[in-house]
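Okay, so here's the structure we're looking at.
What follows draws every value from the coordinates through simple rules; no lab data is involved. Owing to the predicted nature of the structure, the values given are computational and were not obtained by experimental measurement. Cβ sites come from the backbone with ideal geometry, for glycine too, and all protein chains shown count toward neighbours.
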Amino acid sequence: MGMSSGVELSHYVPTYIDAKSKFLMFDQDVALASFLIFILGFVFGHPFLGFFVGFAIAYYFNKAKAGLHPDYMLHLTYWVANSPKLKELPESNNRHFFG
């Protein structure tokens with residue numbers, strides 16, 4: 001008799017070492033967006049409306065990023081967010097490469 005006889009082993013095992021973490025059927029970033037909408041609904045006194053709107057946004061957001069890179073939202077946040085300017089590096093339109 002092995003150690004696994006009679007033990008239910010139906011938990012999720014990721015196929016790849018860098019697999020995106022999931023919450024239910026959604027990726028982590030989609031679940032976070034849905035959860036934030038739910039929290040906003042809860043704060044304003046409409047938790048059920050926040051839940052349903054958050055679930056709808058998660059569903060359509062998941063559909064929208066289906067054909068894109070897995071870290072698309074991270075890349076988009078990098079380009080849209082106001083990142084600090086580097087003092088040592090000139091602006092990209094002022095760079096001249098010699099050599």
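Per residue, the average separation of C-alpha pairs within less than 8 Å and at least 6 apart gives region 25-82 a relative contact order of 31 percent. Amide H contacts for K22 (H built 1.01 Å from N in the peptide plane; partners 5 or more residues away or on another chain; cut-off under 5 Å): none found. Quick one: grab the alpha carbon gyration tensor of region 25-82, order the square roots of its eigenvalues as a ≥ b ≥ c, and give me rounded if a/c is under 1.5, else prolate or oblate depending on whether a/b is larger than b/c. It comes out oblate by the Cα gyration axes.
Peptides 61-68, 35-42 ordered by packing proxy, namely the average of other Cβ atoms within 10 Å per residue, highest first: 35-42, 61-68.
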